[in-house]
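Colleague: After the structure tokens below, expect a handful of questions from me.
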Amino acid sequence: MLIDTYGRVATDLRVSLTDRCNLRCTYCMPEEGLQWLAKPDLLTDDEIVRLIRIAVTELGIEEVRFTGGEPLLRPGLVSIVERCAALEPRPKMSLTTNGIGLKRTAKALKAAGLDRVNVSLDTLRPDVFKTLTRRDRHRDVLEGLEAARDAGLTPVKVNTVLMPGLNDDEAPDLLAWAVENDYELRFIEQMPLDAQHGWKRDGMITAGDILASLRTRFDLTEEGSERRGSAPAERWVVDGGPHRVGVIASVTRPFCAACDRTRLTADGQVRTCLFAREETDLRAALRAAPEDAAKGSDAAADAEIARVWRLAMWGKKAGSGLDDPTFLQPDRPMSAIGG
Ligand code: SF4
């Protein structure tokens, strides 16, 4: 298993399938986009499935979350999900997406074995969406959400980042909309992972701000840590239930002591933490002993990859280090790490 020196065991694997995205969210990347990862450096579908197979069959991974950039831009996504659904034991699988293209793919993803989705949506106002994402695709995201719910990719979770002066007045409206549409809303504190390195602690909307805003219209009862486990979101029961609302407060209320996550980048690097500044390469080991279509993959090579992955996680730091005055933002931006 993937254990670290603090006794935490990683059972939740986040896999970034691409660093590319079809939105340009202001808190993530500049308008012109970024220098994308070179194609030869990107893992192939076979390499991704092989690493997930090793993680599930040799390292105790129980959950796989496909992320990006925007994972719906990965041409082989449905087939990757299908092949992972055939693994024994079968991992639970989810997807973090901006929702663009979900209307077209929701049914196929469900049929392939995907269990549920997290869709990013920061506003109910198309004009604010256009300002925040620099794209006029608000309708596409709403239709993607409906298609995911109708396809049974449930619970459909909605991830929202509030930005001062843009959508920070929308928290109660967003919750009312989520309750009405049976989506589970989670507010995420903005994190210092933007490519522009423009994040300022005193410029972000905190969990406290969000809860105060919600309480102007809703009665919120804390769900309690016993139900939370290692989940990033603290949850509140809305108006006595059944709906919940979540807040992921990585900055003001870190939850690292119970972290069960390990990450794989689209170019084959293990990241022990969202904020890690070091990475461990698995791609070289993969390509040193490529899988043979007839004979399958080399068990010794797979065992070596598992050993390197275990070693990387053993060295996982206690937490994000965000409260440390020496904290340095990772070089790799969020768009190439994934949620
Ligand atoms: S900041 Fe790092 S250690 Fe903390 S919960 Fe997130 S991934 Fe885990």
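The values are calculated or read from the model by the stated rules, or taken from the named source; none is laboratory data. All values reported here derive from a predicted model rather than from experimental measurement. All Cβ positions, glycine included, derive from the backbone under ideal geometry; neighbour counts span all protein chains shown. The protein model used for the area step is the full one, side chains on, heavy atoms only, and it has no ligands, DNA or RNA in it. Shrake-Rupley method; radii C 1.70, N 1.55, O 1.52, S 1.80 Å.
Colleague: For the Cα atoms of the chain, what angle does the longest principal axis make with the long axis of helix 171-181, in degrees from 0 to 90, nearest 10?
Modeller: 70
Colleague: Sticking with this one: Can you compute the FRET efficiency between Arg139 and Ala300 using 1/(1 + (r/R0)^6), with r the Cβ-Cβ distance and R0 = 56 Å? Round to the nearest 0.05.
Modeller: In this case the efficiency is close to 0.60.
Colleague: Quick check: net charge around Arg53, other residues with Cβ under 11 Å of its Cβ, Lys/Arg +1 and Asp/Glu -1?
Modeller: For residues surrounding Arg53, the net value is -4.
Colleague: May I pose another question? Under 17 Å between alpha carbons, and skipping anything fewer than 8 positions from Lys110 in its own chain: which aspartates and glutamates qualify?
Modeller: Glu63, Glu82, Glu143, Glu146, Asp150
Colleague: So how far, in whole Å, is the C-alpha centre of region 102-157 from the one of region 1-57?
Modeller: What the calculation gives is 20 Å, centre to centre.
Colleague: Can you run the Rg to Rh ratio on region 195-243? Use alpha carbon positions and the Kirkwood inverse-distance Rh.
Modeller: 1.09
Colleague: What accessible surface, in Å², does a 1.4 Å probe find on Asp45, ignoring ligands, DNA and RNA and rounding to the nearest 10?
Modeller: 40
Colleague: What residue among Asp169, Asp219, Asp115 shows peak mean-square fluctuation when the chain is described by a Gaussian network model with Cα springs under 10 Å?
Modeller: The residue that fluctuates most here is Asp219.
Colleague: If you average 1/r over all unlike Cα pairs in region 2-337 and invert the result, what Kirkwood radius do you get in angstrom?
Modeller: 20.5
Colleague: Taking N as the number of residues in region 58-112, what is its Cα Rg relative to 2.2 N^0.38 Å?
Modeller: Ratio of Cα Rg to 2.2 N^0.38 Å: 1.13.
Colleague: While we're on this one: Once you've got the Cα coordinates, tell me which of Lys130/Lys317; Lys200/Lys317; Lys103/Lys317 are over 30 Å apart.
Modeller: Table pairs above 30 Å Cα-Cα are Lys130/Lys317; Lys103/Lys317.
Colleague: To continue, here is another question. On average, how much accessible surface per residue is there in the chain, in Å², for a 1.4 Å probe, leaving out ligands, DNA and RNA?
Modeller: Per residue, the chain has 43 Å² of solvent-accessible surface.
Colleague: Could you look at the chain and say what percent of its accessible area is carbon and sulfur, using a 1.4 Å probe and all protein chains?
Modeller: It is 52 percent, rounded to a whole number.
Colleague: Could you work out which residue, out of Ala299, Ala233, Ala112, moves most in a Gaussian network model of the chain, that is, has the largest mean-square fluctuation with Cα springs under 10 Å?
Modeller: Looking only at Ala299, Ala233, Ala112, the biggest GNM fluctuation is shown by Ala299.
Colleague: If you don't mind, another one. Using all Cα-Cα distances in region 1-87, what percent lands in each 5 angstrom bin from 0 up to the longest?
Modeller: With a bin width of 5 Å, the distribution comes to 3, 12, 21, 20, 15, 13, 10, 4, 0.
Colleague: Net charge within 12 Å of Glu278 by Cβ-Cβ distance, Lys/Arg positive one each and Asp/Glu negative one each, not counting Glu278 itself?
Modeller: Its environment carries a net charge of +2.
Colleague: Need the list of lysines near Lys107 for cross-linking: C-alpha distance under 19 angstrom, and skip anything on the same chain fewer than eight residues off.
Modeller: Within the straight-line cut-off, Lys107 pairs with Lys92, Lys157.
Colleague: Give, as a single signed number, the net charge of other residues whose beta carbon lies under 14 Å from the beta carbon of Met334, with Lys and Arg counted +1 and Asp and Glu -1.
Modeller: Within the 14 Å Cβ shell, the charges total +1.
Colleague: Could you give the length gained by full extension between Asp168 and Gln329, i.e. 0.36 nm per residue of separation minus their alpha carbon distance, to one decimal place?
Modeller: Using 0.36 nm per residue and subtracting the Cα-Cα distance, I get 55.5 nm.
Colleague: Compute the helix-to-body angle for 102-112: its Cα long axis versus the longest principal axis of the chain, expressed 0 to 90° and rounded to tens.
Modeller: Compared with the principal axis, the helix lies near 50 degrees.
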